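**Q** Handing you this structure, nothing more for now.
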Amino acid sequence: MSIIALLKFITTHPLNRDSKLRSIARFAKWQISSRLAPGAIVFDWINGSRFLVRTGETGLTGNIYTSLHEFADMGYLLHVLREDDLFVDIGANVGSYTILACAAVGARGYAFEPVPSTYMRLIENMRLNNLEGRVTCLNVGVGSEEGEVSFTSDMDTTNHVIASQEQSNHAINVRMCALDDALRNKSPALLKLDVEGYEAAALQGAQETLKKPSLHSVIMELNGSGNRYGFSESRILEMMFDHGFKTYSYNPLNRSLINLNGKNLASGNTLFIRDYSLVLENLASSPKIRVLNKEF
């Protein structure tokens with residue numbers, strides 16, 4: 001992302017629109033302090049949660065600039081999850097969503113991250129928040145079945161399974177599992193799936209998980225990346241509809257759900273909801289979150 005595009009993202013973010021100069025100052029402060037610090041910096045986040053962040057970690061630095069990098073989806077998680085719900089983070093990276101779910105809300109978690117170096121950063125953030133007893137971290141990818149695939153390792157939040165036509169100078173082999181095997185006898189409430197286009201394969205191995213009555217919502221990245229594998233997003237939508245889910249977008253500021261006819265065209269993520277009445281009840285009764293002198 002260019003500096004101009006980044007500053008536009010920061011200043012137009014819903015939590016920064018009324019304080020553009022402060023948001024730019026926050027950006028400048030991080031740019032200076034991160035270069036002066038000898039190592040990772042601890043950032044105090046929401047409801048007593050924290051994360052360790054280094055310069056160049058785009059997901060976490062986005063949270064510094066805006067408090068919630070992916071505002072709609074992170075806001076939904078904070079409002080809909082309840083203490084002791086089970087949250088499943090597939091493609092956890094260094095743990096932003098898992099920290100919110102399990103440290104800020106108090107849920108239990110499973111976090112899947114296949115790249116070893118990123119997985120170690122995930123573990124650091126779990127330890128920082130004393131989540132070793134609440135979160136099970138697995139250094140595996142999620143696909144249709146158990147096996148091994150080639151994976152990029154130098155692309156930060158966009159590391160992915162290497163497609164047949166791709167070349168990578170930093171390829172590694174990673175172990176894959178099927179979600180149904182990993183979550184046998186578990187009852188997840190919310191699942192976040194962000195695997196850079198490999199969603200169709202991950203869902204193929206999650207058919208029993210998708211049937212579980214406890215699973216009321218899925219946050220899924222659908223941004224066209226599946227084209228590299230020949231995966232069809234329309235087929236993904238059909239699969240989710242067959243399991244009783246409908247698509248929505250969410251506005252955390254007024255806690256409203258907007259019914260969609262397909263994937264969310266205004267965002268890289270799409271929200272799938274099955275138990276609409278339970279979700280509405282949770283959204284309405286959730287305590288307010290306070291960040292950047294705002295409550296929502």
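Quick note: the coordinates plus some simple rules give every number you see, no bench work behind them. Worth saying up front: this structure is predicted, and the values here are computed from it rather than measured. Note that we place each Cβ from the backbone using ideal geometry, even for glycine, and neighbour counts take in every protein chain shown.
**Q** Using a simple charge model, +1 on the beta-carbon of Lys and Arg, -1 on the beta-carbon of Asp and Glu, nothing else, what dipole does the chain show about its Cα centre, in debye to the nearest 20?
**A** Approximately 1180 debye in magnitude.
**Q** Still on this structure: Which is farthest toward the positive dipole end of region 71-295 among Gly143, Ile123, His160, measuring Cα position about the Cα centre, with Cβ charges +1 (Lys, Arg) and -1 (Asp, Glu)?
**A** Result: Ile123, furthest along the dipole toward the positive end.
**Q** Hand me the trypsin sites (Lys or Arg not before Pro) from region 107-213 located in a DSSP loop with no more than 16 other Cβ atoms within 10 Å, in residue order please.
**A** Here the sparse-neighbourhood loop sites are Arg184, Lys186.
**Q** Also, I was wondering about something else. Projected onto the charge dipole of region 71-295 (+1 at Lys/Arg Cβ, -1 at Asp/Glu Cβ, origin at the Cα centre), which of Leu265, Ala202, Ser225 gives the Cα projection farthest towards the positive end?
**A** Positive-end residue among those listed: Leu265.
**Q** Using θ = phi - 60° and the Karplus curve 6.51 cos²θ - 1.76 cosθ + 1.60, what whole-Hz ³J(HN,Hα) does each residue of region 39-49 get, with Gly and Pro shown as x?
**A** x, 5, 10, 8, 10, 6, 10, 9, 6, x, 6
**Q** Also, I was wondering about something else. Need one number: convex hull volume per residue for the chain, Cα atoms only, in Å³.
**A** 129
**Q** Considering amide H positions built from the backbone, and no H for Pro or chain starts, which residues 5 or more places from Ala111, or on another chain, come under 5 Å of its amide H?
**A** Asp89, Thr136, Cys137, Leu138
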